[in-house]
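J.: Have a look at the structure that comes next, please.
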């Protein structure tokens, strides 16, 4: 359809009063429509057009291509910065071979559905939400070369050191924060277990450090300028409540 047909269709079918688009938005046959043309076509119809500036990261526009490239390269901080939130998965926990339980490092097994973007194969610092609680965790994504010779079988296994319980059939959220190392084939299962334990310790240390930074920032911004106490601030940090130094109403509402 022509750009004119596109606009008239939206206005007529959706009874639009305002349209929002990005700076690089195109529409109509052969992408002939631009934000400038959209404004021209909407003005006589009394429809406001708001052109939203492109989000920037490292002085370049954010795009799905850049986010996919960051994930494929294991650059989780960059991917998270462009997403505006941690890259996360939420898939049902499935039964595996039970090797992790045998080794003393039980994992939850989640399978990526076809078509979903995967990060680079390897070991990651993650955190996992179970109910209303977030737990530091270590996640291995890949073909499990130590115990599996079929490279077509890709699994995502997460060890949650501070949790014990049955999660089969649930769909916990797993957020990715940092890439630790690529997948590798170990000579023994003891070496595999040691690697998992080391990743779990790294994850716990990572989030413990994050909580301390959060608490110090919280105290600086609130504890000496409002009625928020240090004890309440520490609990606020421990629970992982989203926080912005300039969002006093949000903080007061939660507290």
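J.: Testing residue 106 on (1) modelled with pLDDT of 90 or more; (2) farther than 30 Å from residue 147 by Cα; (3) in contact with a helix residue (DSSP H, G or I) (Cβ under 9 Å, 6 or more places away or on another chain), one condition comes back false. Which one is that?
T.: (2)
J.: So, one more: Any residue at all in segment 174-181 that is modelled with pLDDT under 95, under 22 Å from the mean Cα position of the chain (by Cα) and surrounded by 15 or more Cβ atoms within 10 Å (Cβ to Cβ)?
T.: no
J.: Here is a further query. Hey, among 203, 208, which residue is at negative phi and surrounded by 17 or more Cβ atoms within 10 Å (Cβ to Cβ)?
T.: Numbers: 208 fails: surrounded by 17 or more Cβ atoms within 10 Å (Cβ to Cβ).
The conditions single out 203.
J.: Another question about this same structure. Hey, can you tell me all the residues within segment 138-147 that are part of a loop (DSSP other than H, G, I, E, B) and either out of contact with any strand residue (DSSP E or B) (no Cβ under 9 Å at 6 or more places or on another chain) or closer than 15 Å to residue 89 by Cα (or both)?
T.: Residues satisfying the conditions are 145, 146, 147.
J.: Sticking with this one: Working carefully through the options 187, 171, 166, 150, find the one that is surrounded by fewer than 19 Cβ atoms within 10 Å (Cβ to Cβ), outside any helix (DSSP H, G or I) and modelled with pLDDT of 95 or more. I'd like the intermediate steps shown before the answer.
T.: On the way: 187 fails: modelled with pLDDT of 95 or more; 166 fails: modelled with pLDDT of 95 or more; 150 fails: modelled with pLDDT of 95 or more.
So the residue among 187, 171, 166, 150 that is surrounded by fewer than 19 Cβ atoms within 10 Å (Cβ to Cβ), outside any helix (DSSP H, G or I) and modelled with pLDDT of 95 or more is 171.
J.: Looking at 83, 103, can you tell me which residue is surrounded by 11 or more Cβ atoms within 10 Å (Cβ to Cβ), out of contact with any strand residue (DSSP E or B) (no Cβ under 8 Å at 6 or more places or on another chain) and over 24 Å from residue 134 (Cβ atoms)? Spell out the reasoning first.
T.: On the way: 83 fails: over 24 Å from residue 134 (Cβ atoms).
When all the criteria are applied, what remains is 103.
J.: Continuing with the same structure: Which number in (1) closer than 14 Å to residue 158 by Cβ; (2) within 18 Å of the chain's Cα centre (by Cα) marks the one condition that residue 101 misses?
T.: (2)
J.: Follow-up. Which of the helices (runs of 4 or more DSSP H) contained wholly in segment 32-137 include at least 1 residues that are closer than 30 Å to residue 198 by Cβ? Talk me through it step by step, then tell me what you get.
T.: Details: elements: 35-42, 64-72, 76-83, 99-103.
Here the list reads 64-72, 76-83, 99-103.
J.: Please state which of the following conditions residue 192 fails to meet, knowing it meets all the rest: (1) crowded, with 18+ Cβ neighbours inside 10 Å; (2) within 13 Å of residue 123 (Cβ to Cβ); (3) over 20 Å from the mean Cα position of the chain (by Cα); (4) modelled with pLDDT of 95 or more.
T.: (4)
The values are calculated or read from the model by the stated rules, or taken from the named source; none is laboratory data. Computed from a predicted structure; not experimentally measured. Here the Cβ is made from the backbone with ideal geometry for all residues, glycine too, and neighbour counts use every protein chain on show.
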